[in-house]
């Protein structure tokens, strides 16, 4: 068990969770469009850090906690790093830079996948321990496949609800700006409802079709897990989905760090045994 502050940097928000002995104690979100994201982060990270315990055996007051980030937005990574340094005087560990990716992949460029997708996939596989599909409904909708051996095979990427609605508004002369809500029925009786129904049922159909194609490829129907901010909107109409897990990527950050620690400890033990044998 360990104490960790996990930071998931997305395209529109930054989620921060504090885990004490692997148990989530605090979860907060900084909104990227608020205009004061730096002060939000400073307050949230300080609140988390204040709850971290001290190392009992340390001569000087030392917190027994690490800060680990998964990011898809480099400029926000730099911002978080600065806040961590200035406010906490700590080092930020970045997955894909300081910490290896949490699972093997079969894609052309593993780092290009996005550490958020890999962390979410790693967290899902750690529970399922078999083939699993992770559908993340955020700014974009990603539907990723992990095979039975725990290898990230690949996935699909499409615009999320808000992006789709915004594109229709900006790309046409008369379609209005619409916020996303679950449509009341399968068709719209006005323009706004028609737009919502269009992007909503398209997403439901996409998810089911992609899961079916994945099942054909691997020879069995994989477990399907929904995550992401907009997943709660769509889960009621996806009876083929096994579970909905909020903030799956945050849990994957813990897995990535633990794997890194355990592998380093294993290497150190092997090296020590080898040195002893040589002597």
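Taken together, the values in this text are just the output of simple stated rules run on the coordinates, not laboratory data. Everything numeric here is computed off the predicted structure, so don't read it as measured data. Reconstructed Cβ throughout: ideal geometry from the backbone, glycine too, with neighbour counts over all protein chains shown.
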* Asked: In nanometres, what is the gap between the two model label sites at residue 12 and residue 212, each 7 Å from Cα along Cα-to-Cβ?
  -> 2.9 nm
* Mean separation of Cα contacts under 8 Å (6+ apart) over length of region 1-69, as relative contact order % -> 34 percent
* When the Kirkwood hydrodynamic radius is evaluated over all pairs of different C-alpha atoms of region 65-224, what value in angstrom, to one decimal, is obtained? -> 18.0 Å
* **Along each principal axis, Cα extent of region 120-171, largest first, Å** => 43, 16, 10
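On full extension of the chain, what length is gained from residue 57 through residue 73, given 0.36 nm per residue of separation minus the C-alpha to C-alpha distance? Write out the running numbers ahead of the final one.
Details: separation 16, 0.36 × 16 = 5.76 nm, distance 3.78 nm.
Extending this stretch completely gives an extra 2.0 nm.
Considering Cα pairs under 8 angstrom that are at least six residues apart, work out the relative contact order of the chain and quote it in whole percent.
On the way: 477 pairs, mean separation 45.1, N = 279.
Reported relative contact order: 16 percent.
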* **Crossing angle, helix 115-128 versus the chain [Cα axis fit, 0-90 degrees, rounded to tens]** => 80 degrees
* What value, in deg cm²/dmol to 500, does the helix sum -39500 (n - 2.57) over DSSP H runs of n ≥ 4 give at 222 nm once divided by the residues of the chain? -> -13500 deg cm²/dmol
* **Using alpha-carbon coordinates, inclination of helix 248-278 to the longest axis of the chain, degrees** => 30 degrees
* Asked: Distance in nm between label sites at residue 47 and residue 169, each 7 Å beyond Cα in the beta-carbon direction?
  -> 2.9 nm
* To do: State, to one decimal in nm, how far the label point of residue 202 lies from the label point of residue 104, with both points 7 Å from Cα in the Cβ direction.
  => 3.7 nm
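Could you work out the mean projected area of the convex hull around the alpha carbons of region 1-139, in square nanometres to one decimal? Before the final figure, lay out each step's value.
Working: hull surface 37.8 nm².
The orientation-averaged projected area of the Cα hull of region 1-139 comes to 9.4 nm².
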* Crossing angle, helix 191-218 versus the chain [Cα axis fit, 0-90 degrees, rounded to tens] -> 60 degrees
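Starting from the Cα-Cα distance between residue 157 and residue 91, subtract it from 0.36 nm times their residue separation and give me the gain in nm to one decimal. Present the calculation step by step, with values, prior to reporting the outcome.
Numbers: separation 66, 0.36 × 66 = 23.76 nm, distance 3.25 nm.
Answer, rounded to one decimal: 20.5 nm.
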* Determine the relative contact order of region 110-250: mean sequence separation of Cα pairs under 8 Å and six or more apart, normalised by residue count, in whole percent. => 25 percent
* Structure fact -> Of all DSSP beta bridges having both residues in the chain, the percent classed as antiparallel (nearest 5) is 60 percent
